[in-house]
Structures are given as C-alpha cells and as structure tokens.
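Participant: Okay, here's the structure, questions in a sec.
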Amino acid sequence: MITTIEELSLNAWASLQTLLYDGWVIRFANGYTKRANSVNPLYSSTIDTGEKLLFCESLYRKQNLPTVFKLTAAVHPHDLDDRLEKRGYQKDSPTSVQTVGLEVSDLQVPSTAELQESLSDDWLWNFCAMSAISDAHRNTLREILINIIPRHCFVALTSNGRVVACGLGVLQSGYIGLFDIVTDPDFRRRGFGQQVISSILAWGKENQAKTAYLQVMLNNPPALQLYAKLGFREQYQYWYRIQA
C-alpha cells in the first residue's frame, strides 16, 4: 500500500527534473514544495548509504536548495530516518495519508462546480490567490501542473459568480488522488471545500476509480475532521527530514 500510493503521488505531482539513483527518486522543481524537491528512498539499494547521502547533498547544494528526504515506514534502508537525525536533519511536516473506497458512495457534482481536464489561466490565478503563492513560484507551479501525465481534472467552485474554492484530482490505476484543495479565506467553514472534494470524487468514480487517497498534515484539525466525516481513514504517515 505504501509503495503504491507513494508512486501514484510522485506521478500526480510532477517535478521538473528527476534523477533515479540506486533505488532513490531524486526530484527538483526550483524549490517549490517539498514534494517536488526531495529524495524519495522507495526501493532497495546496493550502494553504501553514507556515500548516497553525500551524493544527494551535493546535488541539492548545486541547486542552492536544502537536501530534503520524504520518509515513510517503508523506506530503504530501514534505518535511514535515524541516520538522517544523527546527521542533523530536522523532522518536518508529519502528514497522514488516507484512503476511502468509492464503491457505495453517492457522489454528485454540484451545479456551481466547473471541471476541466486541462489547466486554465483562470484556475491557476484563483488557486495562487487563495493559496498566497508568490509570483516567483507561479511559473514553476504552472510547469508542474502541465507536466502531470495521468488523466486529471481541475475543479473551481463558484458562489455568486466568484470562485471560492478549487482543487485538483489525479486519476491512475483505479485511484483518484486529491491535491491542493483550497478555499478562499473569506468563505471557509461553509462547506465549499467539501463540495470540491465531492466533485473530484464523483469525476473519479465516473472514470472507474475505486479508491480515493489524500495527504493531510497532522497540524490541520479542520481538514482532518472533514476527511474523517467523508469516511477517509489513515493508512500510513510520512514526514520530511530537512538538512539543517
């Protein structure tokens, strides 16, 4: 389960550059998001771990970026988290990965939701405005989104002609992943985020998705409560180790 969802997540959130190195997936995207700028030690290794760490650190140093590792309980080698901690790497952003089955779900797309399978300037502008994405990162985000290979949909929810929430769904191998669910700060706690989620899940189910998955940080109680209400249950956690 861990490896499957981690692979789906890598495909759903594209990096701009990727290097495969002895079972580790090393990603770069101009420093925008830890997901797209981190080492993912998913598979078994043969090279000495100390040598691999030096190699990764040199790569990120050349990019003027901190070295970041994305870790789960299934990393290779299994003591990598301890080794990184001893090396001075700080733990950051513990996150719950959750799933829900869609077989019996009664899902509908509200009339106020617009779904598009390609990125539009309007969706990007609204997402950046609601998420406070800086102009410096906007072009990188655009590149990430247009480089998503699996089929995907962008959802924008309107209220009185104004976009108040949006999100991204990525479909692959019977799974629909939820990404970047955001609501305008002036319109939160009114159910708009839930409507975006329902729209994405309905679109996924219509296109043969059997399971939905998402990633939610543990320091976000409102989102955790919403996802629990929708039936999502934790499968595992991941966290980052960031070079001091």
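None of the figures in this text is laboratory data; all of them are computed from the coordinates on show. On a predicted model such as this, the values are computed, not experimentally measured, just so you know. Here the Cβ positions follow ideal geometry from the backbone for every residue, glycine too, while neighbour counts run over all protein chains shown.
Participant: At R0 = 35 Å, how high is the FRET efficiency between S159 and L218 if r is their beta carbon distance? Nearest 0.05 is fine.
Facilitator: On the way: r = 30 Å, r/R0 = 0.85.
The computed FRET efficiency comes out at 0.70.
Participant: Here's something else I'd like to know. In the stretch 51-89, which residues have a backbone nitrogen under 17 Å from the label point lying 7 Å from S44's Cα in the Cα-to-Cβ direction?
Facilitator: 74-80
Participant: Oh, and also: Taking only DSSP H segments of four or more residues, each worth -39500 (n - 2.57), what value at 222 nm results for the chain once the sum is divided by all its residues, to the nearest 500 deg cm²/dmol?
Facilitator: Details: 7 runs with 79 residues, N = 244.
Only helices count here, giving -10000 deg cm²/dmol.
Participant: At a 10 angstrom cut-off on C-beta neighbours, averaged per residue, how do the peptides 189-197, 71-79 rank from highest to lowest?
Facilitator: Numbers: 189-197: 19.0, 71-79: 15.2.
So the peptides 189-197, 71-79, ranked by packing, come out 189-197, 71-79.
Participant: Give, in nm to one decimal, the length gained when the segment between L54 and R142 is fully stretched (0.36 nm per residue of separation minus the Cα-Cα distance). Working shown, then result.
Facilitator: Numbers: separation 88, 0.36 × 88 = 31.68 nm, distance 3.13 nm.
Full extension from L54 to R142 adds 28.5 nm.
Participant: Could you list, in their original order, any pairs among K52/K86; K34/K62; K205/K229; K34/K86; K70/K210; K34/K210 whose Cα atoms are separated by more than 23 Å?
Facilitator: Values: K52/K86 16 Å; K34/K62 17 Å; K205/K229 19 Å; K34/K86 21 Å; K70/K210 26 Å; K34/K210 28 Å.
With Cα atoms farther than 23 Å apart: K70/K210; K34/K210.
Participant: For K229 paired with A129, estimate the spin-label separation in nm (one decimal), with each label point 7 Å from Cα along the Cα-to-Cβ line.
Facilitator: It works out to 2.6 nm between the two label points.
Participant: How many nm separate the modelled label positions at K62 and Q17, each set 7 Å beyond the Cα in the direction of the Cβ?
Facilitator: Reported label-point gap for K62 and Q17 is 0.7 nm.
Participant: Among residues other than C153 whose Cβ falls under 14 Å from its Cβ, what is the net charge (Lys/Arg +1, Asp/Glu -1)?
Facilitator: Values: positive: R151, K205; negative: E114, E117, D180, E206.
Taking every Cβ under 14 Å from that of C153, the sum is -2.
Participant: I'd like to compare 9-20, 217-228, 27-38: which one has the highest average count of other Cβ atoms within 10 Å, and what's the full order after that? Don't skip to the end; give the middle numbers.
Facilitator: Working: 9-20: 17.4, 217-228: 13.8, 27-38: 20.8.
Descending mean neighbour count gives 27-38, 9-20, 217-228.
Participant: Which one, T46, P66, Y32, is farthest towards the positive end of the dipole of the stretch 25-76 when Lys and Arg carry +1 and Asp and Glu -1 on their Cβ?
Facilitator: So the residue furthest toward the plus end is Y32.
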